[in-house]
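The values are calculated or read from the model by the stated rules, or taken from the named source; none is laboratory data. Since this is a predicted model, take the numbers as computed values, not measurements. Cβ placement follows ideal geometry from the backbone for every residue including glycine, while neighbour counts extend to all protein chains displayed. We work out accessible area using only protein heavy atoms, side chains counted, and drop any ligands, DNA or RNA first. Shrake-Rupley method; radii C 1.70, N 1.55, O 1.52, S 1.80 Å.
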Amino acid sequence: MMMNRVRSWMGVGALLGCTLLVQAQSLPRSTPEAEGIPSSAILEFVQAADKNVDTFDSFMVLRHGKVIAEGWWKPNSAEAPHILNSVSKSFTSTAVGLAIHDHKLKLDDRVMKFFPADAPPDPSANLQAMTVRDLLTMSGGHEVEPTRDGGPSVKQFLAQPVVFQPGTHFLYNTMGTYVLSSIVTKVTGQTALEYLKPRLFRPLGIESPRWDASPEGNSLGGYGLYLRTEDIAKLGQLYLQKGKWNGKQLVPRKWVEQATSKQIDNAKESHSKIGPDWIEGYGFQFWRCRHNAYRADGAGGQFIVVMPDQDTVVAITADTGNMRGELNAIWDHLLPGFGDKPLPADPAGQAKVNEAIAALVAHPHKKN
């Protein structure tokens, strides 16, 4: 029966060339029309992505917990892990949330208490006041992000002057996320990767996650994680389901709600120049978006976009400087198509989507 379902989907779904093994381990599949969106909207999204953004590497669209469209620009493939860059930050946030749930630390713990040996000789009052919450919201108080030459290291981070009162000034700070990862290691005795394996990766069916480590031995936290497109789609679906997976609460619902809601304003930060989706506020290592959505966001165009109002997740990997164009492809072509009820089957429309996806070839992003 399972084999018949797989073969049936492969005849009408958007993915071409995926192995049966991957299918057996994957999220459930459906058709766009069965989940209330026309195949024509999927086709428009694919065409806009290919035309306007150099270059998409992959995409996956989930609605009502089912994959309704997916594709890879050759030579990318479903089985190949992709560098996630700062999408890694949302996984670090999840590790922190789980450690708090395990009573290993608290949101308002002072950062300095975890690293007394790495503190500068005369720490400022602002540095002493910095908390875990401040690191999560990118408001540790730095005017300039600490460098990570030869690192990163906690000592580098703590040596940087803390100009602003923590919690009052948003500054995108990858080193702050590294310190969060280091705190996880301090309080659990495991790297963030090791800590998440039994609590997140294995329950989600994410096999062989790779997370590069620092010279100090900590998972890099703010970057360095490699996963497949479907793996990151699963994190989005987990958060859409308020942390619940197959009837089990993997991540506390309260943490999901805190992490994905606006915790600090980011409208005046330099990222605001990218586009309107970079001024909607910031949570705990998640960005807010227009249309009541939120996202994990990584350089080069890595995205997990969660759209609660549409019960939808869109996962994207890319190699582009046009991150605004990626999100616009979602808002302009997918968002208007979502309906409340299933639509009549459209085999011809699905065939056009399949044909378009089969022809996708990665092309170098344009130098701007």
Report task. Can you give me the number of residues within segment 56-67 that are open to solvent by less than 10 Å² (accessible area, probe 1.4 Å) and not in a strand (DSSP E or B)? Result -> 0
Query - Where a residue in segment 149-166 is within 18 Å of L180 (Cβ to Cβ) and outside any helix (DSSP H, G or I) and its partner, wherever it lies, is of a type in the set (S, T, N, Q) and modelled with pLDDT of 95 or more, with Cβ under 6 Å and at least six apart - result: P152/S214; V162/S124; V162/N126
Report task. Starting from segment 236-251, take each residue that is without any contact (Cβ under 8 Å) to a residue 24 or more places away in the chain and list its partners that are open to solvent by 30 Å² or more (accessible area, probe 1.4 Å) and assigned to a loop (DSSP other than H, G, I, E, B), counting only C-beta distances under 9 angstrom and pairs at least six apart or across chains. Result -> Q249/K242
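Here is a check on your reading of the model: is K106 modelled with pLDDT of 95 or more and open to solvent by less than 10 Å² (accessible area, probe 1.4 Å)? Before you say what the answer is, go through the steps one by one.
Numbers: modelled with pLDDT of 95 or more: yes; open to solvent by less than 10 Å² (accessible area, probe 1.4 Å): no.
No: the conditions fail for K106.
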Query raised in the report: Does P81 qualify as being surrounded by fewer than 17 Cβ atoms within 10 Å (Cβ to Cβ) and closer than 30 Å to W255 by Cα?
Result: yes
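I'd like the residue in segment 262-274 that is in a loop (DSSP other than H, G, I, E, B) and either hydrophobic (A, V, I, L, M, F, W, C) or free of Cβ contacts under 8 Å to residues at least 24 places away in the same chain (or both) and, out of all such residues, is farthest from E143 (Cα to Cα). Walk me through it before giving the result.
Let us first name the residues in segment 262-274 that are in a loop (DSSP other than H, G, I, E, B), namely 262-263, 265-269, 274.
Remaining after also requiring either hydrophobic (A, V, I, L, M, F, W, C) or free of Cβ contacts under 8 Å to residues at least 24 places away in the same chain (or both): 267, 274.
Details: A267: 16, I274: 20 Å.
Taking the candidates together, the pick is I274.
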Query raised in the report: For segment 121-144, how many residues meet the condition of being touching a residue at least 40 places away in the same chain (Cβ under 8 Å), hydrophobic (A, V, I, L, M, F, W, C) and farther than 13 Å from I183 by Cα?
Result: 1
Query raised in the report: If you go through segment 254-308 one residue at a time, how many are open to solvent by less than 60 Å² (accessible area, probe 1.4 Å) and on the phi > 0 side of the Ramachandran plot?
Result: 5
Requested in this report: Would you please name the residue that is farthest from the chain's Cα centre (by Cα), looking only at residues in segment 150-167 that are small (G, A, S) and over 13 Å from G222 (Cβ atoms)?
Outcome: A159
